[in-house]
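Inspection log for the structure reproduced underneath, given as C-alpha cells.
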Amino acid sequence: LAFAILMNFGSYFFSHKIVLAMYRAKEVSKSQAPELHEIIEKISKEAKISKPKVFLIPTNNSNAFATGRNQKTAVVAVTQGILNLLSKEELKGVISHEIAHIKNKDILISTIATTIASIISYIAFMARWTAIFGGAGRDRDSGNLFELLALAIVAPMAALIIQLAISRSREYIADESGATYIKNGIPLANALKKLESNNKSN
C-alpha cells in the first residue's frame with residue numbers, strides 16, 4: 001500500500017522530467033520558435049497562469065501534451081509533426097486545450113485518481129488471498145468466501161472504470177476551458193479531425 005502511494009506521488013513529482021527525456025524533447029527559445037511562443041503566451045494570459053516552458057519533440061508524429069506538477073513547473077510540448085500539420089488557428093485550439101489541463105490541475109487530479117485505484121486494487125488483492133487461504137478455513141459454510149471473491153473481482157474493475165471516467169471528464173472540461181480562452185471551439189474540433197485522419201493514414 002505504501003509502495004503504491006510512493007510510486008504514484010513519485011511520478012507526480014518527476015513524471016514531467018521522465019516523459020520529456022523519453023521523447024527527447026528540447027526546450028526552444030522565443031527566437032527559435034517565435035509563433036509557437038506567441039500562441040502559448042497569449043493563451044496563458046487568457047487563462048491567467050504563468051507562461052509554461054516550451055519544448056519541441058523532433059518527430060514527424062503529430063502530438064502535443066502538457067506536463068508538470070504545477071504552474072511553476074508546467075511544460076507544453078509539441079512535435080514537429082503537429083506544427084507541420086496544423087494551421088495556426090488549429091494549433092491555437094490544441095494549445096488552449098493543453099493549457100487548460102495546467103490551469104485545471106489535471107495532473108494532480110489524475111495522480112490522486114490513480115493512487116485511489118491502486119489502493120482499491122491492493123485491497124482486492126488482499127481479499128483474494130484471504131478468500132483462498134483464510135476465508136474458507138474459518139467459515140466454510142458462510143457467504144464470506146464468495147463475498148471476498150466478488151470483492152477481489154469487482155473492485156479492480158470498478159477502480160479502473162472510475163479512473164477512466166475521471167480521465168475522460170477532465171478531457172471534456174479541458175475542451176470547454178480551452179475554447180473559452182480563444183473564444184472559439186471550432187479550431188480544436190478541426191484539429192482533432194485532422195489529427196485523426198493523419199493517424200489513420202499513417
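The values are calculated or read from the model by the stated rules, or taken from the named source; none is laboratory data. For clarity, every value in this text was computed on a predicted model and none was experimentally measured. Here the Cβ is made from the backbone with ideal geometry for all residues, glycine too, and neighbour counts use every protein chain on show. Keep in mind that these areas ignore ligands, DNA and RNA; they rest on the heavy atoms of the full protein, side chains included. Shrake-Rupley method; radii C 1.70, N 1.55, O 1.52, S 1.80 Å.
Before moving on, here are some points about what is shown:
- Across the options 28, 60, 44, the greatest Cα extent toward the positive end of the charge dipole of the chain (unit charges at beta carbon of Lys, Arg, Asp, Glu) belongs to 28.
- Between the range 31-51 and the range 155-175, the alpha-carbon centres lie 29 Å apart.
- In the elastic network of the chain, a GNM with C-alpha springs shorter than 10 Å, the most mobile of 25, 33, 77 is 33.
- In the chain, the longest principal axis of the Cα atoms and the axis of helix 88-103 are about 40 degrees apart.
- Computed across the range 1-91, the Kirkwood hydrodynamic radius from all distinct Cα-Cα pairs reaches 14.1 Å.
- FRET efficiency estimate (nearest 0.05) - Cβ-Cβ, residue 42 to residue 105, R0 22 angstrom: 0.55
- Carbon-plus-sulfur accessible fraction, the chain (probe radius 1.4 Å, protein heavy atoms only): 61%.
- Cα centroid separation, the range 13-28 to the range 104-134: 27 Å.
- Gaussian network model of the chain, Cα within-10 Å springs - most flexible of 95, 173, 123: 123
- Label-reachable residues, the range 89-133, where backbone N falls under 18 Å from a point 7 Å from residue 149's Cα toward its Cβ: 124-133
- Helix axis angle, 2-22 relative to the chain longest principal axis, alpha carbon, degrees: 20
- Candidates 58, 156, 34, ranked by Gaussian network fluctuation over the chain, Cα under 10 Å, top entry: 34
- By average C-beta atoms within 10 angstrom, highest first, the peptides 62-69, 115-122, 7-14: 62-69, 115-122, 7-14
- Taken over the chain, the ratio of Cα radius of gyration to 2.2 N^0.38 Å equals 1.30.
- Per residue solvent-accessible surface (Å²) - the chain, probe of 1.4 Å: 59
- In this rough spin-label picture, where each label sits 7 Å from Cα along the Cβ direction, the residue 199-residue 14 distance is 2.9 nm.
- Crossing angle, helix 186-201 versus the chain [Cα axis fit, 0-90 degrees, rounded to tens]: 70
- Net charge dipole size for the range 1-116 [Lys, Arg +1 and Asp, Glu -1 on Cβ; Debye, nearest 20]: 360
- Annotation for residue 31 and residue 190: the two label points, set 7 Å from Cα along the Cα-Cβ direction, are 3.3 nm apart.
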